[in-house]
Amino acid sequence: MKPILNFLTCFGLVLSLINCGETGRAPGIGKATANFQLNTLEHERFYLNQNKGKVVVLVFWATWCRACKTEMVVLQELTALPGWQEVTVAAVCTDPENPGLVKNIVQNLKISYPVLLDPEARLFEKFQLTAYPTTLIFDRQQRLSLVRVGYDAVVMNQVKSKVLSLVRSDS
């Protein structure tokens with residue numbers, strides 16, 4: 001089963017590279033998202049509803065995905081920008097079979113925001129995502145506001161613009 005899943009994931013990655021910057025087809029844009037919980041790498045729990053009142057950025061990634069790691073570093077840099085104090089950024093690892101590997105990657109990338117573990121990619125599937133990295137942005141009322149598939153400068157500019165517009169308009 002795992003080789004088939006890896007093949008499908010890689011195929012999805014290829015499709016995402018072809019369509020970098022495209023809006024994902026995830027359902028529910030503009031609608032409130034049901035609460036979910038995931039464990040963090042530090043064995044704590046992350047609940048979406050505990051971040052109500054903040055803009056939330058989730059990047060779904062896999063340990064083998066080079067573009068994912070690049071995006072995670074850029075998101076780390078963005079957290080230092082003005083206005084980003086009102087934003088919760090979290091990275092959702094969908095292949096946490098080896099927590100030691102995940103921890104090493106996070107330490108090497110110097111990621112300080114929460115890293116969430118999505119065993120068996122259940123949340124990834126719940127949002128009907130198909131490729132890595134995929135970035136989801138939720139407004140302060142936990143409505144899904146933006147889905148971006150892939151990573152490049154265009155995607156990051158769209159993410160940054162959307163976050164800043166949500167921070168300004170919802171304040």
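Using R₀ = 35 Å, calculate the FRET efficiency as 1/(1 + (r/R₀)^6) where r is the Cβ-Cβ separation of residue 29 and residue 107; round to 0.05. Provide the component values of the computation, followed by the final result.
Details: r = 35 Å, r/R0 = 0.99.
FRET efficiency, residue 29 to residue 107: 0.50.
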Taking residue 31 as the anchor, which lysines have their alpha carbon closer than 30 Å to its alpha carbon, excluding any fewer than eight residues away along the same chain? 52, 54, 69, 126, 160, 162
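Read the figures in this text as sums done on the coordinates, not as results from a lab. Keep in mind that what you see is a predicted model, and the values were worked out from it rather than measured. Cβ: placed from backbone, ideal geometry, glycine included. Neighbour counts: every protein chain shown.
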